[in-house]
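The values are calculated or read from the model by the stated rules, or taken from the named source; none is laboratory data. Just so it is clear, the structure is predicted and the values come from calculations on it, not from any experiment. Using ideal geometry, Cβ is built from the backbone for each residue, glycine included, and neighbour counts are taken over all protein chains shown.
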Amino acid sequence: MITTHAEGTMIMTWQRYLRSHPRKVDTTVALVLFVVAFPGSFVSVDHLAAPAHGWLGVLLAGISCAALLWHRTRPRLVTTVAILCATAMALAGYVMTVLLLAPLMAALYSLAERTDRGTTRNFTLAAVALAVGASAIGGPAGESLALKVIGPIAYLLLPAALGSTARFRTAYLESVHARAEYAERTREEEARHRVAEERMRIARELHDVSAHHLALANAQATTAALLIRSHPEQAEKMVTALGETTATALREMKATVGLLRQQNDTPDDPLQPAPGLAQLPALLDTHTAAGLTVTLATHGQPQPLTPGVDLTAYRIVQEALTNIAKHAHTSTAEVTLTYTHDRLAISVTDQGTGPENTPGNGYGLIGMRERALSLGGQLHAGRRPAGGFEVTAELPLHPSSSHEDSTP
């Protein structure tokens, strides 16, 4: 195992060296191919004498090998030079062995690896037509057809096929790498999106809990301070209700903040059930204890609600009543729930004259509107023509799964 690891490390080291020194690699390959092509200039067939001008073969082989130094940047030009040199050697009577064709084979491989399929096909056909045709015309008279035609064709087609395969493999690896990067980037973006949604959901819950109970506590404390001298018994009841309000606020705050401490989503987490319209009477009682008389009216046949719709309906009523208690300067409010076959309509109105009885962009109204929109519903808030302020919302009884999943 140690030997295998050492061998792998050595191979990686050599690969990094070759990638970082391309010029040295190209020079070495060109020299090796020249050394290989040099003896090909003196090959003869069936004891026939080799061409008398052997120096021409050496010169043309040298030109082909020298051109390979630019095969990375100008593969088409390099291949053209190699084809012309091979054709000239074939016309001069040289035997087109793999030794003489080695520079052209290397040029075709580099061309196929770095260009497109059409370019590779055209240059390969040109090399076969010119070099092989010249070999058939100008080759030694005693040379067999296999050596003149079949062999050179095979020698030239092989590097083109290998280069195309290498190009396909490189493109495949690049696409795999790109898909992996895209998947990783998508996962990170999705994770950030979910974190942002969770933070927004918790912020809304904290706002609803704190704003509602603090407004009630403030109203109860103010009323108790006014009644403590003239009506001590009522003041005592108000202080008792104030203690219940603050205790409820602490419980809901603890349950909401506990979401931040969860390490998983296991069903065994001791979470308090989310509030819904079933807790609406208790909510109205707390406001009544604080001095705001709330009338509840229900129209239509009440229907079972999904958890998201139930929570959203409760929070909208809770926030609307909290705004009335804080800003409306009134002692009465009306809550109306209207059920139809597919929607729940909510209306919270008052006759107050407070400065906030105008459509606003406070966090409370923004939170209510976003809750309704997250379910595919809608919410409107503003001054009524007859006076006072009104919050109306329409929620689907059965929202789509995508809306239900995104409900805060």
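Mind checking which residues of the range 114-134 are in a helix (DSSP H, G or I), within 12 Å of GLY163 (Cβ to Cβ) and out of contact with any Pro (no Cβ under 8 Å at 6 or more places or on another chain)?
Hits for the range 114-134 are ARG117, THR119, THR120, ARG121, PHE123, THR124.
Which one is surrounded by the fewest Cβ atoms within 10 Å (Cβ to Cβ) among residues in the range 51-99 that are outside any helix (DSSP H, G or I) and under 53 Å from the mean Cα position of the chain (by Cα)?
As a first pass, look at the range 51-99 and keep what is outside any helix (DSSP H, G or I): 51-53, 71-74, 92-99.
Those still in the list that are under 53 Å from the mean Cα position of the chain (by Cα) too: 71-74, 98-99.
Working: HIS71: 23, ARG72: 15, THR73: 9, ARG74: 14, VAL98: 15, LEU99: 20.
Among them, the one singled out is THR73.
Among the numbered conditions (1) in a helix (DSSP H, G or I); (2) surrounded by fewer than 16 Cβ atoms within 10 Å (Cβ to Cβ); (3) at pLDDT 70 or above, tell me where ARG229 comes up short.
Failing condition for ARG229: (1).
Restricted to the range 353-369, and to residues that are assigned to a helix (DSSP H, G or I) and loosely packed, with under 15 Cβ neighbours inside 10 Å, which residue is modelled with the highest pLDDT?
ILE366
Restricting the search to the range 151-180, which residues are farther than 20 Å from ARG76 by Cα and crowded, with 16+ Cβ neighbours inside 10 Å?
GLY151, PRO152
Test each condition in (1) hydroxyl-bearing (Ser, Thr, Tyr); (2) outside any helix (DSSP H, G or I); (3) more than 27 Å from VAL35 (Cβ to Cβ) for SER164 and report the one that comes out false.
Failing condition for SER164: (2).
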